[in-house]
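Before any comments, here is the structure.
Please treat every number below as a calculation from the coordinates, not as lab data. Every value quoted in this text rests on a predicted model; they were computed, and no experiment measured them. Cβ atoms come from the backbone with ideal geometry, glycine included; neighbour counts cover every protein chain shown.
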Amino acid sequence: MPYTSGFVIHPFAPLPEFQLPLAVHIVHLSFPNTSSAIAKTMDSVHEIAITGQNLPAKYIYTDSINPSQDPSIPLPLLEIPVIDFNRLATPSIGTGEELERLRSALSSYGCVMVTNHRVASSLMDRVRLVFKQFLALPMEERLKWQKEVDGFDGYGSDMIVTKDVAVVHDFTARLRLITWPEDRRQMKYWPEKPHDFREVLDEYSSKLRVLHDATLKAMARSLNLEDDSTFLKVIREGGTISSRFNFYPPCPTPDRVLGLKPHSDGTVITFVLQDREVEGLQVLKDEQWFRVPIVADGLVLNVGDQLEIMSNGEFKSPIHRVVLNPKKERISMATLSFPQEGKQIEPFEGLVSRERPRLYRQVKYNGVAQLGYYQSGKRVTDEVRI
Ligand code: OGA
Ligand code: NI
């Protein structure tokens, strides 16, 4: 696995058919010298950032995250393909060319910058603002929306599902909420402060759902599939869309600590709303890390592992990571679509042929196993490759 070189990545026993490891370790993050209510919290990253305490060893890599890179030279900027969503969605102005640009970009880069996506810039700013306002609330208020230790939704750090206690933790705090379908929303985790948090998320997520659906259809059309709902069906048949707000505190030693370790998304697709000012997202291409530029009002679209499998490898799920800034905090918000738990994911038969043999076995989607792969520096696509 070239992308893990220089990292302490520990083995994670293969999970046959995506079954869970027998002993799932769920590590409670706790603090010395705090009240028991606080000791229960999983909000450690945020409090470390506020109190300026020394970084616990579990966040620190033994080697530089860029072993062969001269630290005085910044990594190159990614020439990320820009896709004009308006062109994709308006047949009269020549979708064909833009569809081909989309197909080509997703088969080489696996990610594109989407512009003209019909999500108002002011709404994107409100999403950033309500999250910043939430982060500025006193801890007691934030903890009202704390996730369960073994749950996905709510505020806090991810549960650790790998047996490997030496896994290096990400220096990030997250708030994850299912937004679609509406009857899957768990309102007990949706902050009520700031007062317009719920309204803003509701509005943004409904816009993103429209963009998500139209994008999956365009992706199917770009591969000349007869039914342009081929990929979208996987979401419609019991799947979900979530919003994940990410907070990355400043870090004085950004060459030894990561906001998010190298990974590909376990999603169908992901849209990332980046911080307006602070870079941090990086993509691995041709074994070299590149900085993803901040494009005003652009949304980064990533192919996820499930779509790589369904497209029989026509689209690539890119490896990416988040680095920290020594002085400035960074926020982002990812919109993630997932299949239903237990859903069989496999290459679409229309994309398998003599010229293009089937690349992946069938797998059952399993959210916890995906998290285990993530934490162990593995990828489901590697595990099920034929
Ligand atoms: C993610 C992710 C990128 C970012 O949430 O999976 O890659 O910029 N986020 O925060
Ligand atoms: Ni990601």
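At-a-glance table
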{"item": "Helical mean residue ellipticity (222 nm; -39500 (n - 2.57) per DSSP H run of 4+; nearest 500) of the chain", "result": "-7500 deg cm²/dmol"}
{"item": "Cα gyration tensor shape of the chain, rounded if a/c is under 1.5, else prolate or oblate by comparing a/b with b/c", "result": "rounded"}
{"item": "For region 217-232 and region 240-281, distance of Cα centres in Å", "result": "28"}
{"item": "Radius 12 Å from Cβ of G239, net charge of other residues (Lys, Arg +1; Asp, Glu -1)", "result": "+2"}
{"item": "Degrees between helix 121-135 axis and first principal axis of the chain (Cα, 0 to 90, nearest 10)", "result": "30"}
{"item": "Residue of K364, K132, K327 that the Gaussian network model of the chain assigns the largest fluctuation, springs spanning Cα pairs under 10 Å", "result": "K327"}
{"item": "Shape metrics for region 281-379, restricted to C-alpha atoms - Rg then Dmax, Å", "result": "16.1, 54"}
{"item": "Across K261/K364; K217/K378; K233/K378, pairs whose alpha-carbon gap is larger than 31 Å", "result": "none"}
{"item": "Value of D in µm² per second that Stokes-Einstein yields for region 79-169, Kirkwood Rh from Cα pairs, at 37 °C (0.692 mPa s)", "result": "189"}
{"item": "Projected-area average for region 121-208 over all orientations - Cα convex hull basis, square nanometres", "result": "6.8"}
{"item": "Cα gyration tensor shape of region 188-236, rounded if a/c is under 1.5, else prolate or oblate by comparing a/b with b/c", "result": "prolate"}
{"item": "Euclidean distance of C-alpha centroids, region 146-189 and region 317-369, integer Å", "result": "18"}
{"item": "Between helix 95-108 and the chain: long-axis angle, C-alpha atoms, 0 to 90°, nearest 10", "result": "50"}
{"item": "Per-peptide average of other Cβ atoms within 10 Å, ordering 246-252, 316-322 highest first", "result": "316-322, 246-252"}
{"item": "Residue among P191, P262, P357 with the largest mean-square fluctuation in a Gaussian network model of the chain, springs linking Cα atoms under 10 Å", "result": "P357"}
{"item": "Three-way shape call for region 42-131 based on the alpha-carbon gyration tensor, with the a/c threshold at 1.5", "result": "oblate"}
{"item": "Unsatisfied cross-links (Cα-Cα over 19 Å) in the set K132/K193; K163/K343; K147/K328", "result": "K163/K343; K147/K328"}
{"item": "Of Q53, Q282, Q375, the one that fluctuates the most in a GNM where the chain has Cα springs shorter than 10 Å", "result": "Q53"}
{"item": "Degrees between helix 197-222 axis and first principal axis of the chain (Cα, 0 to 90, nearest 10)", "result": "30"}
